[in-house]
Amino acid sequence: MLEALAAFAKLMLYAGALSGAGAAFAWASLGQRLGPVGKFAPHIVASGAGLTLLASFATILILIQRLGGEFSPPTISAVIGGPTGFAAGLQLAGAILLLAFARGQGWAWIARVTGGGLVVASFAVNGHAAAVDLVSGIVACVHVLATAWWLGALLLLRPACRQLTGAALDQLVHAFSRIASAVITNLLLAGVLLILTLVDFSHTPWLSPYGQTLAIKVSLATLVLGLALYNKVRLAPRLADDGGAAAITLRRSITAEIGLIAAVVSATSFLTTYTSPHT
Amino acid sequence: MKRFLTSLSLGLALAAMSAPALAHSTVKGTVPVSGSILPGSPPEIVINFNQEARLTSLVVAEPGKPERKLDFMPGGASTSFMAHDPKLSIGRNEIKWKALSKDGHPIEGTIIIVIKPGATPTTPPVQHEEHKDH
């Protein structure tokens, strides 16, 4: 029961961190090209940050319960004084910055990107990769950063398919595609590096629960990448010529892409709660 | 293409710097070894982990008595934890421990020590402590 709660809290943490920080990054990078769609960004940033705050608190409380439920000095010291507490501190600080500046104009974007950066940095200091070494933690951070930007951008691109038309939508989608190419390349590289670093292939990992869950995650990720490639190669070029119909199809495809990313994140929360690379 | 090559270079540089390693703390051994039969309470109980962990509780369950907490040291992250003078009772003692693994997973285990006055100290050849993670 506690494990299920821990996995759910982690899923909420991932959802909040990726959407809140991701929307801040995407908003900053796509800027004026978002046009009227920019009005959705503060809501996504604030919702994500709020969810991050709640889930981070919940994760700490559930962890204390899983360690016996006592608020004894050794338990508090282990949870708060270690990497888990450091990560939670970064998440809380980042989420507060995101919440405080979610609606700000002008230079507020720097505070939002900093807040998102703090939230994302928390994945570099705690978890399976961070336990290996700092470099692996940074690789995990790059993986999360890229996923966050991708999800945040998709959450903004989806309403854009309805709100924008013609050249405005075409320019936004092309700007997204240009950045997405580099971001997804880094996402893939970091993912492959993490697998190579964490999984010891000499111990038949694919038969282990970790290996099986990882295989599901990789399969789902491959589907998302396939869909993203389809959007880039087939749908995006049609936006200029076949505006309305192509925009509707793209919106549906983005919805499916977001759903698949949610499935990948769910698999990750299960993977990191119930299993370990070396047990 | 330039961005792709930059990403690839960065990735390969990071790969070269990353060394595969275990990501989960497990118990390497205990003193006394779990399953030991001793003539009297040992002077100390030591739990050694394969990598840094943070011990959060150490409790002994003795026959016919309520569970009793054992003080241990050190307080922070370490690969080795020790409880001085555990004052184990005659009979079967279950020493239950809980810890936070280096990767943030809660882990726990049990060490069994039997105190039998007059017995010749015997330790099993293989560690018997039960150890699981969540």
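Excluding same-chain residues fewer than 8 positions from residue A:217, which lysines have a Cα within less than 22 Å of its Cα?
Residue A:217 reaches A:10.
I'd like the distance separating the alpha-carbon centroids of segment B:31-97 and segment A:25-62, in whole Å.
47
Roughly how big is the A-B contact, given as buried accessible area in Å² (both sides, 1.4 Å probe, nearest 100)?
That pair hides around 2900 Å² of surface in total.
Putting +1 on Lys and Arg Cβ atoms and -1 on Asp and Glu Cβ atoms, find which of B:46, B:33, B:112 reaches farthest to the positive end of the dipole of segment B:23-133.
B:112
Going from most exposed to least, what order do B:105, A:174, B:84 have by accessible area with a 1.4 Å probe?
B:84, A:174, B:105
Based on the alpha-carbon set only, what is the convex hull volume of segment A:112-235 divided per residue, in Å³?
120
Would you compute, from DSSP H runs of 4+ residues alone, the mean residue ellipticity of chain A at 222 nm, taking -39500 (n - 2.57) per run and dividing by the full residue count, rounded to the nearest 500?
The per-residue figure over chain A is -27500 deg cm²/dmol.
Below 8 Å between Cα atoms, with a sequence gap of 6+, how large is the relative contact order for segment B:23-133 in percent?
Numbers: 300 pairs, mean separation 40.3, N = 111.
Contact order relative to length: 36 percent.
To the nearest 10 square angstrom, what accessible area does residue A:10 show with a 1.4 Å probe?
So the heavy atoms of residue A:10 present about 50 Å² to solvent.
Provide B:28, B:96 ordered by accessible surface of protein heavy atoms (probe 1.4 Å), highest first.
B:28, B:96
Kindly work out what percent of the DSSP beta bridges joining two residues of the protein assembly as shown are antiparallel, to the nearest 5.
If we restrict to bridges inside the protein assembly as shown, about 90 percent are antiparallel.
What does the charge dipole of the protein assembly as shown about its Cα centre add up to, to the nearest 20 debye, if the Cβ of each Lys and Arg holds +1 and the Cβ of each Asp and Glu holds -1?
1200
On average, how many beta carbons from a partner chain sit within 10 Å of the beta carbon of a residue in A:126-136?
Per residue, the number of nearby Cβ atoms from other chains is 6 on average.
Using the Cβ atoms and a cut-off under 14 Å, what net charge is assigned to the surroundings of residue A:46, where Lys and Arg are +1 and Asp and Glu are -1?
Neighbour charge sum, excluding residue A:46 itself: +3.
Helix A:166-198 versus the longest principal axis of chain A: what angle, 0 to 90°, nearest 10, using Cα atoms?
That works out to roughly 20 degrees.
Kindly express, to the nearest 10 degrees and within the range 0 to 90, the angle between helix A:2-30's C-alpha long axis and the longest C-alpha principal axis of chain A.
That helix lies at roughly 40 degrees to the long axis.
Compute the separation of the alpha-carbon centres of segment A:74-95 and segment A:118-190 and state it in Å as a whole number.
25
Which is farthest toward the positive dipole end of the protein assembly as shown among A:109, A:263, B:86, measuring Cα position about the Cα centre, with Cβ charges +1 (Lys, Arg) and -1 (Asp, Glu)?
After comparing all options, I get A:109.
With every protein chain left in place and a probe of 1.4 Å, what is the accessible surface of residue B:46, to the nearest 10 Å²?
Taking all protein chains as shown, residue B:46 has close to 20 Å².
Pick out, from A:99, A:63, A:78, the residue whose Cα sits farthest towards the positive end of the charge dipole of chain A, with +1 on the Cβ of Lys and Arg and -1 on the Cβ of Asp and Glu.
Farthest along the dipole direction, towards plus: A:99.
If you roll a 1.4 Å probe over the protein assembly as shown with all protein chains in place, what percent of the accessible area is carbon or sulfur? Intermediate values should be presented prior to the final figure.
Details: 12460 of 18490 Å².
Carbon and sulfur: 67 percent of the exposed surface of the protein assembly as shown.
Using a 1.4 angstrom probe with every protein chain in place, what is the largest-first accessible-area order of A:40, A:71, A:201, B:72?
Per-residue accessible area, sorted high to low, gives A:71, A:201, A:40, B:72.
Which shape class, rounded, prolate or oblate, goes with the protein assembly as shown when its Cα gyration tensor gives a ≥ b ≥ c as root eigenvalues, a/c under 1.5 marks rounded, and past that a/b bigger than b/c marks prolate? Intermediate values should be presented prior to the final figure.
Numbers: a/c = 3.05, a/b = 2.35, b/c = 1.30.
Here the protein assembly as shown falls in the prolate category.
Rounded to the nearest whole Å², what accessible area per residue is found for the protein assembly as shown with the 1.4 Å probe? Walk me through the numbers before you get to the answer.
Working: 18490 Å² over 413 residues.
Ligands and nucleic acids excluded, the result is 45 Å² per residue.
Return the sequence-ordered ³J(HN,Hα) values of segment B:54-68 in whole Hz as given by the Karplus equation 6.51 cos²θ - 1.76 cosθ + 1.60 applied to θ = phi - 60°, using x for Gly and Pro.
Karplus values, whole Hz, x for Gly and Pro: 10, 5, 10, 7, 9, 10, 10, 9, 10, x, x, 10, x, 4, 10.
How much accessible surface does residue A:274 have with a 1.4 Å probe, in Å² rounded to 10?
Its heavy atoms expose roughly 90 Å² to the probe.
The values are calculated or read from the model by the stated rules, or taken from the named source; none is laboratory data. Note that the structure is predicted; figures quoted are calculated from it, not measured. Quick reminder, even Gly has a Cβ in these numbers, built from the backbone with ideal geometry, and neighbours come from all protein chains shown. The protein model used for the area step is the full one, side chains on, heavy atoms only, and it has no ligands, DNA or RNA in it. Shrake-Rupley method; radii C 1.70, N 1.55, O 1.52, S 1.80 Å.
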